[in-house]
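> Before anything else, here's the structure in question.
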Amino acid sequence: MTSSPSHADNPRVTTVGLEDLAMNARATMERMFNHAGYPFELDYAIIDKLRYDNVKNRTVSADIAFEYKTRLDQAAQDSIMADFDRFKAWIYG
């Protein structure tokens with residue numbers, strides 16, 4: 001199934017790609033907060049306490065967003081993309 005997501009034309013819904021957040025963090029966060037009707041404060045971009053074992057950094061970085069490319073072989077990446085094909089509008093390939 002390759003149809004558009006049902007939210008695609010809904011003005012109440014916005015999507016945020018991890019890649020956008022990592023590569024253009026401030027503008028993306030400003031857009032997120034603007035969409036929700038709240039002011040963005042730069043302090044929101046810093047993680048003060050690393051509470052979970054999988055949190056590796058105090059900020060979002062491009063290295064984290066693209067880490068799967070170094071950890072998963074091409075067959076695994078292709079399999080995941082095939083499994084999530086109907087959501088391709090949400091996934092950066």
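> I'd like to know if the stretch 50-60 contains one or more residues that are over 17 Å from the mean Cα position of the chain (by Cα) and modelled with pLDDT of 85 or more.
So far as the stretch 50-60 goes, no, none of its residues is over 17 Å from the mean Cα position of the chain (by Cα) and modelled with pLDDT of 85 or more.
> Which of the residues spanning the stretch 50-87 are over 21 Å from Met23 (Cβ atoms) and in contact (Cβ under 8 Å) with a residue 12 or more places away in the chain?
Asp85, Arg86
> List pairs: first residue in the stretch 23-40 and in contact (Cβ under 8 Å) with a residue 24 or more places away in the chain, second residue surrounded by 13 or more Cβ atoms within 10 Å (Cβ to Cβ) and of a type in the set (A, V, I, L, M) anywhere in the structure, Cβ distance under 8 angstrom, at least six positions apart or on different chains.
What qualifies is Met23/Ala62; Met23/Ala65; Ala25/Ala45; Ala25/Val60.
The values are calculated or read from the model by the stated rules, or taken from the named source; none is laboratory data. These figures come from a predicted structure and were not determined experimentally. All Cβ positions, glycine included, derive from the backbone under ideal geometry; neighbour counts span all protein chains shown.
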